[in-house]
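To start, the structure under review is shown below, and the notes come after it.
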Amino acid sequence: MPRTRAAARPAPARRVRLLIATRKGLWTLTSDVARNGWKLAGPQFLGHILHHAVCDPRDGKTLLVAARTGHLGPTVFRSLDSGKTWKEATRPPAFGEGSGRVVDHTFWLTPGHPSEPGVWYAGTSPQGLFRSADAGATWEGVAGFNAHPQRKAWCGGDQDGTPDGPKMHSILIDPRDRAHMYIGMSGGGVFESVDAGADWRPLNKGVRADFFPGPPPEYGHDPHCVRFAGGNPDRLYQQNHCGIYRLDRPSDAWQDIGAAMPKAVGDVGFPVAVHPRDADTLWVLPMDGTSVWPRTAPGGRPAVYRSRDGGKTWKRQDQGFPKSQAWWTVKRQAMSTDMRDPMGLYFGTTSGEVWGSRDEGRSFRCLARHLPHIHAIEAWC
Amino acid sequence: MTARASREAAIVVRVQIPSPLLSYTGQAEVAVAIPVLAPELPPTVSSVLAALDGAYPGIRFRIVDEQRQLRPHIKLFVGGQLIRDLSTPLTSDSEMMIVAALSGG
């Protein structure tokens, strides 16, 4: 596929801000657009377990945070003034009474289509899809998924899935069509809806599922993170439990692009990040998926790997990183890119460090350390 | 923390609030009025939680899930006794304590 670089230019901005959702609260890192110096602020929600904090790009000032605490049930907090003040959702995501299902935590937040201001989607653990039409104040279950007759077969039991609970993530809204959506589920796989969530179908052809016997099934896979390619919503990239994949629609068969990764590094990881204007450029952050799955930087030598040709080839980028004894784990929501040119690339570790690059991964430096376990980072420009 | 019957056929229950929920109430002890619909239909623990949620919106869902079950690390004591059944009736001298129990690091 020819390299595509969209004509759109970065939006003017006076600063770059990172929302850092951790196991113990919310912090922000703010810099001018040159990204020379960063100022750490926080915590907000100290002691709350935050799985995601997201800014609404449609207005630039609405923030939503998915929260719970060790004792208390899950909720969503919302700010309409860029984080100065917060209010709790009056009806947080919750399954229907009598369904037998209980939301343990909201895991993922996605602003809706630009034509629907105030619409947001939330993915929960265990797997559930919820929609808000009032900027996060109240949430309703998306019955087309939550009550789908195949849902249990797709997802397995609520006790299955990742160690901290099965989850729905990577809720993607096609920027050309608000009714066209994708979701990722661990476990379950990638699913597509073309009718605003009224119905869903599995979209996992070509993806390995090494934890099942026999040929890969239609569903039951473990996508860790799925993203639209920058500027091209007909292409998706996926970091899966079993490799790295690319999907070019209208095909429904994923191509294994992890096979080109160095064998000694492997193709296991959690996040995938994309260049906002170049559909051929993406980054992954490999982790050790051998033996008992340490899920740490392979060999204690962390690196991101960048492809500029849609995954045909990969280049190691590790300038600025420790050269040894750095056993980082980076979770699926914890790598993000900004809209600047050159683009900034950021990620946070479970050991509480934030690393950033202002030159598209050519060099990195540590922007913050000693934070709690980082669940998610989102660049907010 | 005692409950008493009011002239409007209601009892007022004083509830002790644990620190994780102080962001809702702002105080460690609050009083909520529970209507008594009929002598044979005494207020229950569930009706106290509903009244609490009316006064402090959102607090109930943090301690009771959507299937009307207490969340794993929340305990309720009424009159010093551990209560697991939210349909437990309250007597005129009931008192309630919400406890956020151990939940890990």
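Take A:206-214, A:237-245 and order them by the average number of nearby Cβ atoms within 10 Å per residue, most first; the result is A:237-245, A:206-214.
Note that segment A:15-32 has calculated 3J(HN,Hα) couplings of 7, 10, 10, 10, 8, 10, 8, 10, 6, 10, x, 10, 10, 10, 10, 10, 9, 6 Hz, one per residue in order, obtained from phi through the Karplus relation 6.51 cos²θ - 1.76 cosθ + 1.60 (θ = phi - 60°); glycine and proline are x. The distance separating the Cα centre of segment A:111-146 from that of segment A:35-96 comes to 15 Å. Give, rounded to the nearest 20 debye, the magnitude of the charge dipole that segment B:4-100 has about its Cα centre when Lys and Arg contribute +1 at Cβ and Asp and Glu contribute -1 at Cβ. The calculation lands at about 160 debye. Backbone phi angles across segment A:57-69, fed through the Karplus curve with coefficients 6.51, -1.76 and 1.60 (θ = phi - 60°), yield HN-Hα couplings of x, 6, 10, x, 9, 7, 10, 10, 10, 8, 9, 7, 10 Hz in residue order; Gly and Pro are listed as x. Here the Gaussian network model covers chain A, with springs between Cα atoms less than 10 Å apart; of A:P276, A:P149, A:P93, A:P149 fluctuates the most.
Among A:L282, A:V292, A:W355, pick out the residue whose Cα is farthest towards the positive end of the charge dipole of the protein assembly as shown, where Lys and Arg carry +1 and Asp and Glu carry -1 on C-beta, about the Cα centre. The residue sitting farthest along the positive end of the dipole is A:W355. Taking the DSSP beta bridges with both ends in the protein assembly as shown, the antiparallel portion is around 95 percent.
Restricting attention to segment B:4-100, close to 90% of DSSP beta bridges with both partner residues there are antiparallel. Between amide H atoms placed 1.01 Å from N, distances below 5 Å from A:W139 occur with A:R91, all of them 5 or more places distant or on a separate chain.
Peptide B:66-77 shows a mean partner chain C-beta count of 4 within 10 Å per residue C-beta. Annotation for segment A:343-381 versus segment A:154-186: alpha-carbon center distance of 25 Å.
Using only the Cα atoms of chain A, build the gyration tensor, take square roots of its eigenvalues as a ≥ b ≥ c, and label the shape rounded, prolate or oblate: rounded if a/c is under 1.5, else prolate if a/b is larger than b/c, else oblate. It comes out rounded by the Cα gyration axes. Rounded to the nearest 20, the size of the Cβ-charge dipole of chain A about its Cα centre is 1280 debye, with Lys and Arg at +1 and Asp and Glu at -1.
Quick one: putting +1 on the C-beta of Lys and Arg, -1 on the C-beta of Asp and Glu, what dipole do you get for segment A:179-241 around its Cα centre, in Debye to the nearest 20?
Working: 5 positive and 7 negative charges, 39 e Å.
With only Lys, Arg, Asp and Glu charged at Cβ, the dipole is about 180 debye.
Could you tell me whether segment A:1-120 comes out rounded, prolate or oblate from its Cα gyration tensor? Rule is a ≥ b ≥ c as square roots of the eigenvalues, rounded for a/c under 1.5, then prolate if a/b exceeds b/c, otherwise oblate. Since a/c reaches 1.5 but b/c is at least a/b, the shape of segment A:1-120 is classed as oblate.
Across segment A:180-190, computed HN-Hα scalar couplings (Karplus, 6.51 cos²θ - 1.76 cosθ + 1.60, θ = phi - 60°) run 9, 9, 10, 9, x, 9, 10, x, x, x, 9 Hz from first to last residue, x flagging Gly and Pro. Amide H contacts of A:T162 (H built 1.01 Å from N, in plane; Pro and chain starts excluded): A:K167, A:G187 sit under 5 Å, all sequence-distant by 5 or more or on other chains. Here chain B has an Rg and Dmax of 13.2, 47 Å, counting Cα atoms alone.
Here the label points at A:R15 and A:E218, each 7 Å from Cα along the C-beta direction, are separated by 5.1 nm in the simple model. A Gaussian network model of chain A, with springs between Cα atoms under 10 Å, assigns the largest mean-square fluctuation among A:M335, A:M168, A:M343 to A:M343. Distances between placed amide hydrogens fall under 5 Å for B:E66 paired with A:V103, all partners being 5 or more residues away or on another chain.
A short reminder: the numbers here are calculations on the coordinates, not readings from a lab. Quantities reported herein were computed from a predicted structural model and do not represent experimental measurements. Heads up, the Cβs are rebuilt from the backbone with ideal geometry, glycines too, and the neighbour counts pull from every protein chain shown.
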